[in-house]
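The values are calculated or read from the model by the stated rules, or taken from the named source; none is laboratory data. These numbers were taken from a predicted model, which means no experiment stands behind them. When we count neighbours, we look across all protein chains shown, and the Cβ atoms used for this are built from the backbone with ideal geometry, even at glycine. Note: areas computed on protein heavy atoms with side chains; ligands, DNA, RNA excluded. Shrake-Rupley method; radii C 1.70, N 1.55, O 1.52, S 1.80 Å.
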Amino acid sequence: MKVRVQNHWPPGHIRTPAYLRGKTGEIEREIGLFNNPEQNAYRLPPQQRRLVRVRFTMAEIWGDAAETPDDVIEAEIYAHWLEPA
């Protein structure tokens, strides 16, 4: 399933890498449910959030500057940061 990482910049403790925001990838697999680290960081009662591994091509991340455009990077991202692409 193709997804896009939301491109917003809320203040505070964020676990989604900045260089992936706004980028499109494909869900590689489900990891499971974990406490939301964005709430955990502020000692708030954390909600369980779905964590997934998303695969991005270097071309998507770096554009024309990608040395090997077909290589991939995988990142584990909480699903509340993802939207259908």
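Residues in segment 35-58 that are open to solvent by less than 90 Å² (accessible area, probe 1.4 Å), more than 9 Å from the chain's Cα centre (by Cα) and either aromatic (Phe, Trp, Tyr) or closer than 20 Å to residue 69 by Cα (or both): 56, 57, 58. Applying the criterion of being of a type in the set (D, E, K, R) and either assigned to a strand (DSSP E or B) or in contact with a Ser or Thr (Cβ under 8 Å, 6 or more places away or on another chain) (or both) to the residues of segment 59-85, the residue that is most open to solvent (accessible area, probe 1.4 Å) is 70.
Residues that are part of a strand (DSSP E or B), at pLDDT 95 or above, touching a Pro at 6+ places or on another chain (Cβ under 8 Å) and not basic (Lys, Arg) do not occur anywhere in segment 19-28.
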